[in-house]
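Below is one structure, written out as structure tokens, with a few remarks after it.
A short reminder: the numbers here are calculations on the coordinates, not readings from a lab. Just so you know, these numbers come straight off a predicted model, no measurement behind them. Here Cβ is always computed from backbone atoms with ideal geometry, including for glycine, and neighbour counts include all displayed protein chains.
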Amino acid sequence: MEIKLTDYPPMPVGPYKGIAMTNVPPDYLLQMHYHGCENERVKAYILDNLEVLTKEVDQQVLAEINDEEI
């Protein structure tokens, strides 16, 4: 039985391998989700945090739009 990923264990795969899950960019995790993440632990982490990840990306996009308007 594999241990469930939380915010602090390292990302087990990809370019952010070894980085704490909480520090992996939310847009990268959402991209993994929408393109079919094959790692079951990462997939479960994304699904458990999908609402938060989506809000973080939305806030980033709004901040970028506001910066462009200035």
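With +1 on the Cβ of every Lys and Arg and -1 on the Cβ of every Asp and Glu, and nothing else charged, how large is the dipole of the chain about its Cα centre, in debye rounded to the nearest 20?
The calculation lands at about 480 debye.
Suppose only helical runs count, i.e. DSSP H with n ≥ 4. What mean residue ellipticity at 222 nm does that imply for the chain under -39500 (n - 2.57) per run, divided by all residues and rounded to the nearest 500 deg cm²/dmol?
Roughly -17000 deg cm²/dmol at 222 nm, from the helical runs in the chain.
Under the definition of Cα pairs under 8 Å and six or more residues apart, what whole-number percent is the relative contact order of the chain?
Answer for the chain is 29 percent.
For a Förster distance of 35 Å, can you work out the FRET efficiency between the beta-carbons of Leu62 and Glu40, rounded to the nearest 0.05?
Once the sixth-power term is evaluated, E becomes 0.60.
What Rg and what Dmax come out for region 24-70 when only alpha-carbon atoms are used, in angstroms?
12.6, 43
Using the basic label-point model (7 angstrom from Cα toward the beta carbon), what is the Thr54 to Gln31 distance in nanometres?
2.0
How far is helix 50-69 tilted off the main Cα axis of the chain, in degrees rounded to 10, range 0 to 90?
Taking the Cα atoms of the chain, the angle to 50-69 is about 30 degrees.
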